[in-house]
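Okay, structure first, notes after.
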């Protein structure tokens, strides 16, 4: 294998890498995928149905497993052992990584909202940031194809800037729960839409993947394949073509260039032996995640590209964006003592609130640009874990009365969660840390991060709107609401980091063209969140996959016509 | 993903919009009443000579790591609490969640052992709780012995309740008891969380789930929808048609 020259060497096995591998392999190209983490088999390793009481600390999150013991993430979280990163003074950035086949697709929330026409042309709309080099219509066919392969439940509601899917693509959304219906009724009264969410979860089978059976957290992974992850869909499909070779524990640190300045493959460290190895290919596709892809590019210095591969624009590492996050929690007296029924459902959102104020914004009636949507947390009578102790803190006291209060208040709380768009700013970027190397000797990243006034105003709007919704539903807000500066999430905390090698139509101000093909090196492609020119409030994974598919189609065509 | 903020124990209804306008800091207006357990500091680190409950073993510094076996979970760190600490913990958690006609007491389903597992864990949060909880248990014992002349676990119900009342209700607790109030709140939080995640606790609280469903998710039961209809009626709301 070491001597084989592949048609494509793909770095990363998550959303972007998985999609690129499947598209290219299914077109008959010989593909090598390099994954920095270990092999991972969700069919054997997913703790389906395991009870919190059987896990250490009842499954509570710890620094070893920040999202809980049963979370799918392997060798990752906010820190990866031996692979540090830094935040620059005055910045606080959190970088979630995993080191496993399938990457972060194994544990994500599966929320899958399409970007809309406005989202691709933000500068045209409000003069801030940059436009994408494509329009919504350019990507729409790949959204359809991606949703069909991935399996997304949802409903076409014909809403402004929330595009419908083509007929027959979406899976039927699960019935709303009581608390979601309550929110919907309150929002209806306040002229706020509340509609079925879109999530990458099957409600009808696709091939070997079963329909959701409405139990056990999606964050653990899904051994029946109902919740999308590349390890139960794209990777097995790509392997079935016979054209994909996967190598795990392969830590890529550099793009290799030939004497003509073309990509020739990558250099990596085989973690099991610690040896430096070479993988060679006619094309290289980086899909290592926005941070890791920027790191590889910046570490690929050469006489021809002294600032790193693909970086003659100086934009690699710049324009780092994450989703704006904030949350408010309330208790609803009218939901006390309500009849019990199974509220697990598809575990995550059945309903959500899409951004709804585009017209008001266009008329200048809002004091912020761009939008946000609502997700909901602690929906209903969910499986008890240590966190249920919060209900006792709310109820107060102890003894028999506390037991009665627990029965009364259980399932009467709801969290309202803001997910908003960040506009890129000059204070948010990553760079190579001159002082630090990881355990493999690879220079690490240092992050700079800043929210701008626009994001803080957005959070304020969210807080005021949420207070209205809670009030309309007779709810009692829990906790004090801090200022937007104190309430807004930390950079990276929402794990939607994108933009570090943005696409554009001008080589001076962007890293790639609309196909993720780097301007500097025409056989080097980027196929993850790094190419985002803006960060709509919509969760990025679906768009990463649609773009990866479109880029891979283009790459394959370029290879076929020998343009590369 | 988003940091949960601590809930205060009393929040007025319908105040949300008011304090949003006023820039939002919850005033801490706890009024205190006198108590004979006044002003006692939580024992910071009970030492061998003075600790009535004995000294817990030094906790391990080994966690379960970043790639534990999820199918066969094990707690890799040893328990560290003394028998006397466990007895005091059992008394306290049974006062928090006593047996009633629907479910057993907390100690009958292993809650004291869970407290031991928790405070013996090597992680920062658990180590913070360890100081609080072992100190709080020691304080209960000291108070009981000095005021009632008996261990906390063998104090009579009224005595034990009198003691617990002094730290269980922040609005009426003595000034200076902040740490003890925090101890009790945290101990109750863990007791309740541990209890309701047992089979008996799940049955009591009425969680129905974690079972596969074939076909479509059925949504709310007829009874649940009828209840919701009443709620919407009371609020003057209706679902979009």
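The values are calculated or read from the model by the stated rules, or taken from the named source; none is laboratory data. Bear in mind that the values here come from a model prediction, so they are computed numbers and not experimental data. Cβ atoms come from the backbone with ideal geometry, glycine included; neighbour counts cover every protein chain shown.
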Residue list for the range A:139-191, filter: within 13 Å of chain B (Cβ to nearest Cβ), over 18 Å from residue A:346 (Cβ atoms) and touching a helix residue (DSSP H, G or I) at 6+ places or on another chain (Cβ under 9 Å): A:182, A:185, A:186, A:187, A:189, A:190
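Looking at the range B:64-85 only, could you name the residues that are over 30 Å from residue A:223 (Cα atoms) and assigned to a loop (DSSP other than H, G, I, E, B)?
Of the range B:64-85, the ones over 30 Å from residue A:223 (Cα atoms) are B:78-85.
Of everything in the range B:64-85, those that are over 30 Å from residue A:223 (Cα atoms) and assigned to a loop (DSSP other than H, G, I, E, B) turn out to be B:78, B:79, B:80, B:81, B:82.
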Any hit, the range A:461-474, residues being away from chain B (no Cβ under 14 Å), modelled with pLDDT of 95 or more, within 24 Å of the chain's Cα centre (by Cα) and crowded, with 24+ Cβ neighbours inside 10 Å: no
Residue A:70 modelled with pLDDT of 95 or more, surrounded by fewer than 21 Cβ atoms within 10 Å (Cβ to Cβ) and either part of a helix (DSSP H, G or I) or within 14 Å of chain B (Cβ to nearest Cβ) (or both): no
Residues of the range A:415-441 that turn out to be in a loop (DSSP other than H, G, I, E, B) and away from every other protein chain (no Cβ under 14 Å), as a count: 10
Residue satisfying all of: in the range A:45-67; in contact (Cβ under 8 Å) with a residue 60 or more places away in the chain and part of a helix (DSSP H, G or I); farthest from the other protein chains (Cβ to nearest Cβ) among these: A:59
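Yes or no: residue A:24 part of a strand (DSSP E or B), away from chain B (no Cβ under 12 Å) and either within 24 Å of residue B:129 (Cβ to Cβ) or modelled with pLDDT of 95 or more (or both)?
Numbers: part of a strand (DSSP E or B): no; away from chain B (no Cβ under 12 Å): yes; either within 24 Å of residue B:129 (Cβ to Cβ) or modelled with pLDDT of 95 or more (or both): yes.
Considered against the rule, which asks whether it is part of a strand (DSSP E or B), away from chain B (no Cβ under 12 Å) and either within 24 Å of residue B:129 (Cβ to Cβ) or modelled with pLDDT of 95 or more (or both), residue A:24 comes out as no.
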Test set (1) within 22 Å of residue A:502 (Cβ to Cβ); (2) touching a residue at least 60 places away in the same chain (Cβ under 8 Å); (3) surrounded by 24 or more Cβ atoms within 10 Å (Cβ to Cβ) - residue A:300 fails condition number: (2)
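Taking the options B:198, B:191, name whichever one is more than 7 Å from every other protein chain (Cβ to nearest Cβ), surrounded by 23 or more Cβ atoms within 10 Å (Cβ to Cβ) and under 20 Å from residue A:411 (Cα atoms). Spell out how you get there, then give the answer.
Working: B:198 fails: more than 7 Å from every other protein chain (Cβ to nearest Cβ).
Exactly one residue qualifies, and that residue is B:191.
For the range A:245-253, does any single residue satisfy the condition of being on the phi < 0 side of the Ramachandran plot and free of Cβ contacts under 8 Å to residues at least 40 places away in the same chain? First the steps, then the outcome.
Taking the range A:245-253 as the starting set, the residues that turn out to be on the phi < 0 side of the Ramachandran plot are A:245-248, A:250-253.
Within this subset, residues satisfying the condition of being free of Cβ contacts under 8 Å to residues at least 40 places away in the same chain are none.
Scanning the range A:245-253 turns up no residue that is on the phi < 0 side of the Ramachandran plot and free of Cβ contacts under 8 Å to residues at least 40 places away in the same chain.
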Where residue A:506 falls short, out of the listed (1) modelled with pLDDT of 95 or more; (2) within 13 Å of chain B (Cβ to nearest Cβ): (2)
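For the range B:98-114, check the following and say yes or no: at least one residue is out of contact with any strand residue (DSSP E or B) (no Cβ under 9 Å at 6 or more places or on another chain), away from chain A (no Cβ under 13 Å) and surrounded by 19 or more Cβ atoms within 10 Å (Cβ to Cβ). Give the derivation first.
In the first step, residues of the range B:98-114 are kept if they are out of contact with any strand residue (DSSP E or B) (no Cβ under 9 Å at 6 or more places or on another chain); the result is B:98-114.
If we keep only those that are away from chain A (no Cβ under 13 Å) as well, we get B:107-108, B:112.
Now restrict to residues that are surrounded by 19 or more Cβ atoms within 10 Å (Cβ to Cβ): B:107, B:112.
Scanning the range B:98-114 turns up at least one residue that is out of contact with any strand residue (DSSP E or B) (no Cβ under 9 Å at 6 or more places or on another chain), away from chain A (no Cβ under 13 Å) and surrounded by 19 or more Cβ atoms within 10 Å (Cβ to Cβ).
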Criterion (surrounded by 21 or more Cβ atoms within 10 Å (Cβ to Cβ) and outside the structural domain of residue A:373 (by TED's automatic domain parsing)) met by exactly one of A:429, A:410: A:429
